[in-house]
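Here is the structure we will look at, set down as structure tokens.
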Amino acid sequence: MKQVSLRLINVSKVFKDIKGKEIRAVNNVSFDVEPGEFVTLLGPSGCGKTTTLRMIAGFEKPTEGMILINNVNVVDIPPWKRDTAMVFQSYGLFPHMSVAENIAYGLKMRKVPKDEIERRVNSILEVVGLQGFGDRPPSSLSGGQQQRVALARALVVEPSVLLFDEPLSNLDVLLREQMRVEIKRIQKEVGITAIYVTHDRIEALTLSDRIVLMKDGKIEQMGTPEEIYEKPASKFAAEFMGKINFFPIDIVEILSDKTVVRLKGTVYEIPSLPTRKSDKYVLGCRPEGLRLSKQGPVKGIIKTVVYLGNLSEYYLDTEYGEVMVKVPPPFDKNFTEGREVFIQIVPEIAKIIPDD
């Protein structure tokens, strides 16, 4: 059996509302996380991702199921005795302590010898790029630097599993982009197992080795960022991972390595297979997988053109609703607002998706 740092087996969590009605926030969730792996729990508000993280941390107890950390069931073990550490949305730094004292706090609680604390604090300050900041108060640091201190405080105790609860949501856009890169670099450098919760698909795509996409307390799809983006198992998964256009199709034939489909009389060979069987399918096309043309199966009127420098976004009214097409330069000056155009599909990057 493969080695795992974390294993959830049929984990569920049931709450009761003020009227006593049961609400199943997490419903029969199971997945494994291998040592050194970065796994993101992704999904909209209310999907169960944060409740799942809190059960791993020990802040909530599962109604059903098992949570194993290094093959030990920790369901009845309190948070402070689990081999985990949490990086919170709010930095949670002690204002009356220096940066070094904040980082050392968990080690002192574990009664680590003083010289070992000093060595580990200095080492982790270097890892997070805060050498020379140890004596400063947290209030003198920027938001990004404070988040690094919070990360260092969690890493320094050397937990088996590091937990992130939407740690970048309080930062501005530029800092968030910088910290995404830093978190990934630090996690890989240290080699620690990480579970990260976010509703931001860009964070999930940027950071993750694997993504656990959740909906209504259940796992909708698990896989690498590439698998979930390029091979969505449902319309929900396809839409949550980014803008996508759907077109109704007829399946002509499913072969071993491709699917032959018909869209309004035009036949396409799509070099992928349906992710699962369904009675009906749609063709999912990302905006970059469409082209504007003077002929094609789908007709539309250009309503809005958004120039973004390295590309332009064209929003079209069609019989299938609004369709967005991303076009790289050079731009055809004939494709202006109000113009009737046609849409061509690039079959190599189109997806066959069950019509839920």
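The values are calculated or read from the model by the stated rules, or taken from the named source; none is laboratory data. This one's a predicted model, so the numbers in the text were calculated from it and none came from an experiment. Here Cβ is always computed from backbone atoms with ideal geometry, including for glycine, and neighbour counts include all displayed protein chains.
Scanning segment 270-312 for residues that are under 22 Å from MET324 (Cα atoms), of a type outside the set (Ser, Thr, Tyr) and in contact (Cβ under 8 Å) with a residue 60 or more places away in the chain gives ILE270, VAL282, LEU283, GLY284, CYS285, ARG286, GLU288, GLY289. The residues in segment 203-256 that are closer than 24 Å to LYS184 by Cα and free of Cβ contacts under 8 Å to residues at least 12 places away in the same chain can be counted, and the count is 2. Applying the set (1) under 24 Å from the mean Cα position of the chain (by Cα); (2) touching a residue at least 24 places away in the same chain (Cβ under 8 Å) to ASN71 leaves exactly one unmet item: (1).
In segment 132-151, the qualifying residues are those that are of a type outside the set (Gly, Ala, Ser) and closer than 21 Å to ILE192 by Cα, and the one that is surrounded by the fewest Cβ atoms within 10 Å (Cβ to Cβ) is GLN145. Out of segment 289-299, which residues are surrounded by 17 or more Cβ atoms within 10 Å (Cβ to Cβ) and in a strand (DSSP E or B)? LEU290, LEU292, VAL298 - these are the residues of segment 289-299 that are surrounded by 17 or more Cβ atoms within 10 Å (Cβ to Cβ) and in a strand (DSSP E or B). Among the listed residues LYS188, LYS218, identify the single one that is in contact with a Gly (Cβ under 9 Å, 6 or more places away or on another chain), basic (Lys, Arg) and closer than 30 Å to ARG119 by Cβ. Sole residue among the options that is in contact with a Gly (Cβ under 9 Å, 6 or more places away or on another chain), basic (Lys, Arg) and closer than 30 Å to ARG119 by Cβ: LYS188.
Put simply, of ILE302, ILE353 the only residue that is surrounded by 15 or more Cβ atoms within 10 Å (Cβ to Cβ), touching a Ser or Thr at 6+ places or on another chain (Cβ under 8 Å) and closer than 26 Å to GLU226 by Cα is ILE353.
Applying the criterion of at least 2 residues that are in the same structural domain as ILE192 (by TED's automatic domain parsing), hydrophobic (A, V, I, L, M, F, W, C) and more than 26 Å from the chain's Cα centre (by Cα) to the helices (runs of 4 or more DSSP H) found wholly in segment 99-180 leaves 99-109, 114-127.
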